[in-house]
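Take a look at the structure below.
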Amino acid sequence: MVSHLPYLLASALAVSAREAGPLAVKLAGPGLKDMTRLAQFPFDIQGEVARRNARLPEAAERLASHLARVLGAVAASPDAARGALEEARAAREALYPLPEATAR
């Protein structure tokens with residue numbers, strides 16, 4: 001969930017971004033570069049270890065479930081979208097709390 005899944009997610013996002021074409025990549029902000037950084041790891045460093053991770057399929061299913069829920073909320077209504085995305089924001093802040101000076 002915390003090592004190999006991000007690597008696979010970054011890899012899939014990099015391929016998807018490339019398929020979207022050069023204009024899409026040009027219009028993307030720095031988040032795309034940040035989100036795809038892990039895809040740069042050579043297979044021998046991260047890929048083989050990920051391939052042998054027996055828990056990776058379960059982690060990927062959990063991620064797919066969360067993605068489907070967020071996509072459903074975004075499609076359902078502005079209020080549902082706000083709720084799902086605010087929940088994700090709160091989860092991120094729980095993982096990596098903002099320093100007090102920037103939290104205001």
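Below is a table of values for the structure above.
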read-out: Meets criteria (more than 15 Å from the chain's Cα centre (by Cα) and assigned to a helix (DSSP H, G or I)) for Ala17; value: no
read-out: Selection count where residues are open to solvent by 100 Å² or more (accessible area, probe 1.4 Å) and touching a residue at least 12 places away in the same chain (Cβ under 8 Å), scope the stretch 53-104; value: 3
read-out: Selection count where residues are more than 19 Å from Met1 (Cβ to Cβ) and within 16 Å of the chain's Cα centre (by Cα), scope the stretch 45-73; value: 1
read-out: Any pair with Cβ under 7 angstrom, 6 or more apart, that starts in the stretch 13-40 at a residue that is within 18 Å of Leu67 (Cα to Cα) and at pLDDT 95 or above and ends at one that is surrounded by fewer than 13 Cβ atoms within 10 Å (Cβ to Cβ) and hydroxyl-bearing (Ser, Thr, Tyr); value: none
read-out: Unmet requirement for Met1, which otherwise passes all of (1) outside any helix (DSSP H, G or I); (2) over 24 Å from Ala84 (Cβ atoms); value: (2)
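The values are calculated or read from the model by the stated rules, or taken from the named source; none is laboratory data. Computed from a prediction, not measured in an experiment: that's the story for all the values here. Positions of Cβ are backbone-derived with ideal geometry, glycine not excepted, and every protein chain shown enters the neighbour counts. In case anyone asks, the SASA skips ligands and DNA or RNA and just uses the protein heavy atoms, side chains included. Shrake-Rupley method; radii C 1.70, N 1.55, O 1.52, S 1.80 Å.
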